[in-house]
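Working notes, structure below.
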Amino acid sequence: MTLILTEEQTMLKEAADGFLNEHAPIAHLRKLRDSKDADGVSRDLWRAFGEMGFAGVIIPEEHGGSGLGAVEAGVMAEALGRTLTPSPFLGSSVLSAKLFLDGGSAEQQAAWLPRIAAGEAIVSLAVDEGAKHAPTRIATVAERSGNGFKLNGAKGFVLDGHVADALIVAALTENGLSLFLVDPKTAGVEIERTVMVDAHNAARVTLTDVEVDADAVIGSVDGGEALLEGALNLGRACAAASLNGAGDQAFQTTMAYLRTRKQFGKLIGEFQALQHRSAHLFSEIQIARAAVMGALTALDAGRENAGLIVSVAKAKAGRVAELAVQEAVQMHGGVGMTDEYDVGLFMKRVRVLNELLGDAGFHQERMARAQGF
């Protein structure tokens, strides 16, 4: 298994890093936050993502995308983690696009994939209902109603759900789990924006007797569990890549501070205790990067145990990124706790990414269950 980027993937990384550093640096997040922007995300930037080919990274060329794979999606996710950019990429270009690709009808694919690839549409996946990620504990119900279904339930942590042009809702049907494409403007849909601690966006979605036609089903009725698991695994791997990006950037920012900050007439980077901590953190970041690259590669290869490899990567990346931001704040001293410095923003983003699509505890339990414990 190759754990390094190819020449083409390296070019994508450089393009993504260059684009985001120029058009969506951390100052972009601060501007959206401080201006109390109504959306909390830039539609213009999302369209620019489409023009650059970033929004359609996993979408086939016949639908206007780049036709690339999980590794390339991870490259984009890591770049977003470095700049803390609020973007519909994970919800639309990864989770929703994957569901359309694996289970969408020809009509659904034609209607939505080109628009996602062009950065013209935002599609949000509505799965979780409680305080923690738990895709097996869904209470939302879809009952037969005429030639369609009637949905009732509530969802939380719906990424960018307040600006979504469409929702993909996971609901229980008679003999299993099904996925439904829902227009947010449909009667009975209520959406409340929830600004997260890291100034990124999610929403609470309440469904009350929401009527959808039978052709709103993605995949087959009662057959949504496998589709959902495939999309969530890709999303988890990309979230882990974003954790790597955020953790590594916090580390790089801290190293720059150690090389310039003086105390007792010496650069604090000359203190051996800080050197030891920095060396340990550098090693941990490289291990996490290898774990995530292994997970993304396993997904592209279609390995049977790819989901478990993803769980290892998400848990490891989360632990390491948490260590990175904690060390960043401590090594910056008192100023690390102020909003003037960026390290606090990285700490908040890592906290959210750790919870998104399962924290370390969730994935450790998943591994244990797979081993029969």
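Miscellaneous remarks
- Of residues in the stretch 245-257 being open to solvent by 10 Å² or more (accessible area, probe 1.4 Å) and touching a residue at least 24 places away in the same chain (Cβ under 8 Å), the one farthest from the chain's Cα centre (by Cα): 257
- Number of residues in the stretch 347-356 that are touching an Asp or Glu at 6+ places or on another chain (Cβ under 9 Å) and open to solvent by less than 20 Å² (accessible area, probe 1.4 Å): the value is 3.
- Complete set of residues in the stretch 321-373 that are among the small types (Gly, Ala, Ser) and over 22 Å from residue 288 (Cα atoms): 333, 334, 336, 372
- Segments classed as helices (runs of 4 or more DSSP H), wholly inside the stretch 1-112, with at least 2 members that are under 21 Å from residue 125 (Cβ atoms) and among the aromatic types (Phe, Trp, Tyr): 43-52
- Checking each residue in the stretch 217-237 for being open to solvent by less than 10 Å² (accessible area, probe 1.4 Å) and either under 30 Å from residue 268 (Cβ atoms) or touching a Phe, Trp or Tyr at 6+ places or on another chain (Cβ under 8 Å) (or both) picks out only 218.
- Out of 253, 206, 194, one residue alone is hydroxyl-bearing (Ser, Thr, Tyr), out of contact with any strand residue (DSSP E or B) (no Cβ under 7 Å at 6 or more places or on another chain) and either within 24 Å of residue 86 (Cβ to Cβ) or in a helix (DSSP H, G or I) (or both). It is 253.
- Close pairs (8 angstrom Cβ cut-off, 6 or more residues apart or separate chains): under 14 Å from residue 98 (Cβ atoms) in the stretch 64-75, surrounded by 21 or more Cβ atoms within 10 Å (Cβ to Cβ) and of a type in the set (S, T, N, Q) anywhere: 73/93
- Residue within the stretch 153-168 that is open to solvent by 10 Å² or more (accessible area, probe 1.4 Å) and either hydroxyl-bearing (Ser, Thr, Tyr) or part of a strand (DSSP E or B) (or both) present: yes
- Pick from the stretch 139-152, criterion part of a loop (DSSP other than H, G, I, E, B) and more than 17 Å from residue 218 (Cα to Cα), ranking: nearest to the chain's Cα centre (by Cα): 139
- Candidates 333, 307, filtered to the one that is out of contact with any Ser or Thr (no Cβ under 7 Å at 6 or more places or on another chain) and modelled with pLDDT under 90: 333
- The test for being at pLDDT 95 or above, touching a His at 6+ places or on another chain (Cβ under 8 Å) and hydrophobic (A, V, I, L, M, F, W, C) holds for residue 191.
- Close pairs (7 angstrom Cβ cut-off, 6 or more residues apart or separate chains): of a type in the set (Lys, Arg) in the stretch 6-24, surrounded by 12 or more Cβ atoms within 10 Å (Cβ to Cβ) and assigned to a helix (DSSP H, G or I) anywhere: 13/75; 13/79
- If only residues of the stretch 357-373 that are in contact with a helix residue (DSSP H, G or I) (Cβ under 7 Å, 6 or more places away or on another chain) and open to solvent by less than 60 Å² (accessible area, probe 1.4 Å) are counted, the one that is farthest from residue 253 (Cα to Cα) is 370.
The values are calculated or read from the model by the stated rules, or taken from the named source; none is laboratory data. Small disclaimer: the values here were computed from a predicted structure and weren't measured. Quick reminder, even Gly has a Cβ in these numbers, built from the backbone with ideal geometry, and neighbours come from all protein chains shown. Just so you know, the surface numbers come from the protein's heavy atoms only, side chains and all, with ligands and any DNA or RNA stripped out. Shrake-Rupley method; radii C 1.70, N 1.55, O 1.52, S 1.80 Å.
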